Amino acid sequence: MGTFKNQKDKVVGSAKEKIGEILHKEDLQEKGQIQAEEGKIREDEYRARIAELEDQHVEKEAKRQDLTTERKDPETSPEEKQVPQFDHRSTEQKIEEERMKHYTGIEDKL
């Protein structure tokens, strides 16, 4: 139900209430009062639902932008989160490189 129907119910209900009061018809007055109150209740429910949806949207957007403090971890920096590089050298090649470093004295300079 949109706000137009709720506004219509409030206006028509108030009009029925006034007409019932003028014509001294209590049943019309009561029906108008009930209709106006129902319109107000539905309007309040509609506005509450809109506010709830807006809050959900804002929350979702904040999570998307990662602005919420719960999602941030101050102890880890982006450098720490990097995936370690895999060494694609064969075992024999690694052993040979270690020998060369040892014999040439390169490891002392590093």
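Filter the range 3-36 down to the residues that are among the basic types (Lys, Arg) and touching a Leu at 6+ places or on another chain (Cβ under 9 Å) and list them by number. Walk me through it before giving the result.
The initial filter retains those residues of the range 3-36 that are among the basic types (Lys, Arg), namely 5, 8, 10, 16, 18, 25, 31.
Selection gives Lys16 alone.
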Only residues that are among the charged types (D, E, K, R), surrounded by 13 or more Cβ atoms within 10 Å (Cβ to Cβ) and either within 33 Å of the chain's Cα centre (by Cα) or part of a helix (DSSP H, G or I) (or both): list them for the range 19-50, please. Glu21, Glu30, Lys31, Glu37, Glu38, Lys40, Arg42, Glu43
Tell me which of these Asp87 doesn't satisfy, since it passes every other one: (1) open to solvent by less than 100 Å² (accessible area, probe 1.4 Å); (2) at pLDDT 85 or above; (3) of a type outside the set (A, V, I, L, M). (2)
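The values are calculated or read from the model by the stated rules, or taken from the named source; none is laboratory data. Note that the structure is predicted; figures quoted are calculated from it, not measured. Cβ coordinates were reconstructed from backbone atoms using ideal geometry, including for glycine residues, and neighbour counts include every protein chain displayed. Surface areas here come from the heavy atoms of the whole protein model, side chains and all, with no ligands, DNA or RNA. Shrake-Rupley method; radii C 1.70, N 1.55, O 1.52, S 1.80 Å.
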